[in-house]
Amino acid sequence: MELNKEINSLLLYLKDQNIDIDDEELKFQIESHPDSPSLLSFCDALSFFGIPNVAFHLYVDRIEDLPDTFVVLVLGTEKETQPYLSYVRKKQDHYI
């Protein structure tokens, strides 16, 4: 994971949800986590701030079950072989 890129994706999501937190403290919580840069380090950082969060495995054909905005851990694609976090927002009938 490119940690700064991943943290920025999470910060974009939080800002879109009108959740105001200390960006530097979030970065510190993630970077200093013993399992960083894992998904667990992100979940634990959100919990530190009292922000409810959940992580689960979901196949792409169930994407309609998700809210209109979310953060996803993409396990890999043809172009990107390393897992990465991405902020996703539904616009009309597609996701960006």
Gaussian network model of the chain, Cα within-10 Å springs - most flexible of L46, L66, L26:
L66
Ellipticity estimate at 222 nm from DSSP helix runs (n ≥ 4, -39,500 (n - 2.57)) divided over the chain, nearest 500:
-10500 deg cm²/dmol
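Of the GluC sites (Glu not before Pro) in segment 53-95, which ones lie in a loop per DSSP and count no more than 13 other C-beta atoms within 10 Å? Spell out each step's value before the answer.
On the way: sites: E64, E78, E80; in loops: E78, E80.
Loop-located and lightly packed - E78, E80.
Are there trypsin sites (Lys or Arg not before Pro) in segment 1-83 that DSSP puts in a loop and that have at most 12 other Cβ atoms within 10 Å, and which ones? If you can, show how the numbers build up before the last one.
Working: sites: K5, K15, K27, R62, K79; in loops: K79.
When the trypsin sites (Lys or Arg not before Pro) of segment 1-83 are filtered for loop state and at most 12 Cβ neighbours within 10 Å, K79 remain.
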Can you tell me the 0 to 90 degree angle between the C-alpha axis of helix 3-16 and the longest principal axis of the chain, rounded to 10?
70
Can you tell me which of 51-58, 37-44 comes out highest on packing, and rank the rest after it, using the mean Cβ neighbours within 10 Å?
37-44, 51-58
Between [x] 32, 26, 23; [y] 36, 31, 20; [z] 44, 32, 20, which entry matches Cα extents along the principal axes in Å as derived from the coordinates of this structure?
[y]
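Values quoted throughout were computed directly from the atomic coordinates according to the rules given, and no laboratory measurement underlies them. Note that this is a predicted model, so its numbers are computed, not measured. Reconstructed Cβ throughout: ideal geometry from the backbone, glycine too, with neighbour counts over all protein chains shown.
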